[in-house]
Amino acid sequence: ANPQAVYSEMIRWASYFSLKKTFDDLIQLDLSGYFQPAFNFQSYRMALSASMSYKFTSHIGLTLRYQNIYDPQPLVPIPELFNDLTLGLELSF
């Protein structure tokens with residue numbers, strides 16, 4: 001109702017993991033996780049991304065992706081947990 005510019009400056013640690021695996025050149029799995037605490041460990045953010053792709057041919061595939069971000073103290077009035085689920089057709093040339 002009353003939009004205002006938001007400015008914040010905070011140094012954060014960053015750690016993540018990533019796993020990528022291909023099965024029979026047809027299915028590709030990609031998992032990533034992130035943890036970003038502030039230096040005082042009072043504020044943190046976590047995120048997860050998971051996707052799976054299936055190749056019908058060398059040029060056409062299908063990808064299912066799930067992503068979420070959790071921030072218990074967001075700077076703007078948004079939900080603490082954000083989720084996104086995407087299904088897409090991939091074309092490569």
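The values are calculated or read from the model by the stated rules, or taken from the named source; none is laboratory data. What you are looking at is a predicted structure, and each value in this text was computed from that prediction instead of being measured. Every residue, glycine among them, receives a Cβ derived from its backbone with ideal geometry; neighbour counts consider all protein chains shown. Surface areas here come from the heavy atoms of the whole protein model, side chains and all, with no ligands, DNA or RNA. Shrake-Rupley method; radii C 1.70, N 1.55, O 1.52, S 1.80 Å.
List of remarks:
- Screening the candidates 91, 85, 64 for the property of being more than 25 Å from residue 6 (Cβ to Cβ), without any contact (Cβ under 8 Å) to a residue 60 or more places away in the chain, open to solvent by less than 90 Å² (accessible area, probe 1.4 Å) and of a type outside the set (Phe, Trp, Tyr) yields one hit, 64.
- Test for residue 39: is it open to solvent by 80 Å² or more (accessible area, probe 1.4 Å) and touching a residue at least 24 places away in the same chain (Cβ under 8 Å): yes
- One residue stands out among those in region 83-93 that are part of a strand (DSSP E or B) and at pLDDT below 95: the one that is nearest to residue 28 (Cα to Cα), which is 90.
- Residue 70 fulfils the conditions (1) open to solvent by less than 80 Å² (accessible area, probe 1.4 Å); (2) within 27 Å of residue 93 (Cα to Cα) except for a single criterion, (2).
- Checking each residue in region 68-82 for being touching a residue at least 24 places away in the same chain (Cβ under 8 Å), assigned to a loop (DSSP other than H, G, I, E, B) and β-branched (Val, Ile, Thr) picks out only 76.
- Residues located in region 15-61, provided they are within 22 Å of residue 71 (Cα to Cα) and over 21 Å from the mean Cα position of the chain (by Cα): 39, 40, 41, 42
- For residue 33: the one exception among (1) touching a residue at least 24 places away in the same chain (Cβ under 8 Å); (2) open to solvent by less than 100 Å² (accessible area, probe 1.4 Å): (1)
- If you go through region 6-22 and keep only what is open to solvent by 80 Å² or more (accessible area, probe 1.4 Å) and within 22 Å of residue 85 (Cβ to Cβ), you end up with 16, 17, 19, 20, 21.
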